Amino acid sequence: MGWDQIRDVAPATREVLEDVGLVGWPKTSGSRGFHIYCRIQRRWTFTEVRRAAVALAREVERRVPDLATSKWWKEERHGVFLDYNQNAKDRTVASVYSVRPTADARVSTPLLWNEVPGCRPEDRHRAAAAGRARRSGGWHRRGLVPLPAPGKTSGPTRRRRSSVPLIEVARSGTQAEAMAGLERWKARHADVWPYLEPADALVDSMRGRSSTWTRIRLNLRHVPEGQRPPQEPLEVDYDPWADAKPPHDQS
């Protein structure tokens, strides 16, 4: 299949995802295709996620049968193969801006959806990716730099000030406690929550000294300016470095 056909299947896949309430994030594979990622809750088993990927592939095939196929055996395929086996236990992930083993050093590059129609894989090489990252910091980071949390002005968790409307809701040693804090925030701001899209709730697993902790932030970019709540005291204020000793303290 030619690149034009592959490129045409990407928006069809996006439509299916949106119809079931998922947000797809496109990225060139660095070789001959696209990867589309979806953020999901950590409640599904491997088998359930794999079945969902198969169902997605079959639905895209049903909608654009002349363009896409979910058939595993090559002799049965017609059109662009939707590789649901990327959701397999032995698969690894091509990270953001990872250089792939091609003669022209192509790079697996995240895209905005409006960039997909004009995208060409040969344009996504090492030099181009480096320039893109320098100019924008990576599109996936744009708009996601948090404001300083209350009372946090120094130390390992210091944040740099940003003009983007992003607030922090909770920091916790467990995800369950952080999510409970988010629910309390939602209850207080019931008029604001409907404006937020799935990608606006940022639940991050952060690395601490010897374990991970959870941070929740909200991007208020879709909330009208006059209705954006300010940064408030955190619902859960966990300091992963509280017990850290200064380097000179050897006692």
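The values are calculated or read from the model by the stated rules, or taken from the named source; none is laboratory data. All figures in this text were calculated on a predicted structure; none of them were measured in a lab. Note that we place each Cβ from the backbone using ideal geometry, even for glycine, and neighbour counts take in every protein chain shown.
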Of all residues in region 75-92 being in contact (Cβ under 8 Å) with a residue 60 or more places away in the chain and in a loop (DSSP other than H, G, I, E, B), which is farthest from residue 64 (Cα to Cα)? 82
For residue 221, are the conditions met, namely being modelled with pLDDT of 90 or more, in contact with a helix residue (DSSP H, G or I) (Cβ under 8 Å, 6 or more places away or on another chain) and part of a loop (DSSP other than H, G, I, E, B)? yes
In region 63-74, which residues are of a type outside the set (A, V, I, L, M) and touching a residue at least 40 places away in the same chain (Cβ under 8 Å)? 63
Could you give every pair whose Cβ atoms fall below 7 Å, whose first residue belongs to region 93-114 and is within 15 Å of residue 26 (Cβ to Cβ), and whose second residue is of a type in the set (A, V, I, L, M) and modelled with pLDDT under 80, counting only separations of at least 6 or pairs across chains? 97/129; 97/133; 107/129; 108/94; 109/129; 110/96
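For region 5-58, what are the residues that are closer than 15 Å to residue 114 by Cα and either outside the structural domain of residue 88 (by TED's automatic domain parsing) or outside any helix (DSSP H, G or I) (or both)?
23, 24, 25, 26, 27, 28, 34, 36
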Scan region 59-93 residue by residue and report those that are buried (at least 18 other Cβ atoms within 10 Å of the Cβ) and either under 21 Å from the mean Cα position of the chain (by Cα) or not assigned by TED's automatic domain parsing to the domain that holds residue 33 (or both). 82, 84
Taking region 24-62 as the region of interest, how many residues are among the acidic types (Asp, Glu), touching a residue at least 40 places away in the same chain (Cβ under 8 Å) and out of contact with any helix residue (DSSP H, G or I) (no Cβ under 6 Å at 6 or more places or on another chain)? 0
Residues in region 168-178 that are farther than 10 Å from residue 235 by Cα and within 18 Å of the chain's Cα centre (by Cα): how many? 1
